[in-house]
Each structure stands twice: as C-alpha cells, then as structure tokens.
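**Q** Here it is: the structure, laid out below.
Read the figures in this text as sums done on the coordinates, not as results from a lab. The shown structure was predicted, so the numbers you read here are calculated from the model rather than taken from an experiment. Note that each Cβ is placed from the backbone with ideal geometry, even for glycine, and that neighbours are counted across all protein chains shown.
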Amino acid sequence: MMFKGYLKVADRCPVCREDLSQHRADDGPAYLTILIVGHLMAPTILWFFNAFRPDPLVTFTVFTVGCVALSLYLLPRLKGMIVAIQWAKRMHGFGKSA
Ligand SMILES: [Zn+2]
C-alpha cells in the first residue's frame, strides 16, 4: 500500500523502501477523475432519462450518489497510476536515484 491515508502518499514503499516522496501528482488525478466520470455520466444521464423518464428527485439521487461513489473509487487509483508513471519514467525527483 503506497498510501498512508486516502490520498496521502507514503514517503517510502512499505515493501521495498523505494523513496516515493519525490512524486508530483498535483492536480493530475483530479483532472483524470473528472474527465472519466464526466464522459461516463453525461451520456448515461441522457440514456437514463430517455429510457425511464424518471422523477427528477430519483435522477438527482441516482446520479449524485453515482458520481460521488465513482469519483471516490477512481481518485486514489488514478493517483497511484500517475505516481507509478512518474516513477517508471524517472520523472521529477525519481530521476536522482537512478
Ligand atoms: Zn515497493
């Protein structure tokens, strides 16, 4: 587990002691999360409305819970992906140890 909290990256990998403190994920994970959730949910809400003609409160509830749940699921995984790409490409501070 490279995180010591929900999104806080541990300074060192608990398994191999690799220094992870040099990552610079910044806004990348949030950007990718919005990109993916937006492109999934925008067509889905249109299809959902055309298929079921639901009550507005039902639509609001389903898509609020769906967007929040999907975002919370994707955010730490995409942050892990960005830190992993930076590590693999020796970007930022990761280049010094090579
Ligand atoms: Zn490791």
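**Q** Give me Ser71, Ser21 sorted ascending by neighbouring Cβ count inside 10 Å, so fewest comes first. Each step should come with its number before you reach the end.
**A** On the way: Ser71 15, Ser21 10.
Fewest-to-most Cβ neighbours within 10 Å comes out as Ser21, Ser71.
**Q** Of the chain, which part is the longest with no trypsin sites (Lys or Arg not before Pro) in a loop (DSSP not H, G, I, E, B) and with at most 16 other C-beta atoms within 10 angstrom?
**A** Numbers: sites that count: Lys4, Lys8, Arg17, Arg24, Lys89, Arg90.
The answer is 25-88.
**Q** Could you check the spin-label model distance between Thr64 and Ala51? Points 7 Å from the Cα along Cα→Cβ, value in nm.
**A** Each label point is offset 7 Å from its Cα along the Cβ direction, giving 2.3 nm.
**Q** Moving on to the next point. Sticking with the crude label model, points 7 Å out along Cα→Cβ, report the distance from Arg17 to Ile34 in nm, one decimal please.
**A** Those two pseudo-labels are separated by 4.1 nm.
**Q** Only Cα pairs under 8 Å and at least 6 apart count here; give the relative contact order of the stretch 25-98 as a rounded whole percent. Each step should come with its number before you reach the end.
**A** Details: 30 pairs, mean separation 34.5, N = 74.
After rounding, I find 47 percent.
**Q** With the convex hull built on the Cα atoms of the stretch 1-68, state its orientation-averaged projected area in nm². Please report the intermediate quantities before stating the final value.
**A** Values: hull surface 24.5 nm².
Dividing the Cα hull surface by four gives the mean projection, 6.1 nm².
**Q** Moving on to the next point. How tilted is helix 28-52 with respect to the longest principal axis of the chain? Cα atoms for both, answer in degrees (0 to 90, nearest 10).
**A** Approximately 20 degrees, to the nearest 10.
**Q** While we're looking at this one, here's another question. Give the long-range amide H neighbours of Val9: residues separated by 5 or more places, or on another chain, with amide H under 5 Å away, using H modelled in the peptide plane at 1.01 Å from N.
**A** Lys4
**Q** For helix 56-88, report the angle its Cα long axis makes with the longest principal axis of the Cα atoms of the chain; keep it between 0 and 90° and round to the nearest 10°.
**A** So the inclination is approximately 20 degrees.
**Q** With runs of 4+ DSSP H residues as the only contributors, calculate the mean residue ellipticity of the chain at 222 nm using -39,500 (n - 2.57) per run, divided by the residue total and rounded to the nearest 500.
**A** Values: 2 runs with 58 residues, N = 98.
Calculated at 222 nm, the ellipticity per residue is -21500 deg cm²/dmol.
**Q** Short version: ³J(HN,Hα) in whole Hz for each residue of the stretch 2-19, in order, from phi by Karplus 6.51 cos²θ - 1.76 cosθ + 1.60 (θ = phi - 60°), x for Gly and Pro, what are they?
**A** My calculation for the stretch 2-19 gives 7, 9, 9, x, 5, 10, 6, 6, 5, 5, 9, 4, x, 8, 10, 6, 4, 6 Hz in order.
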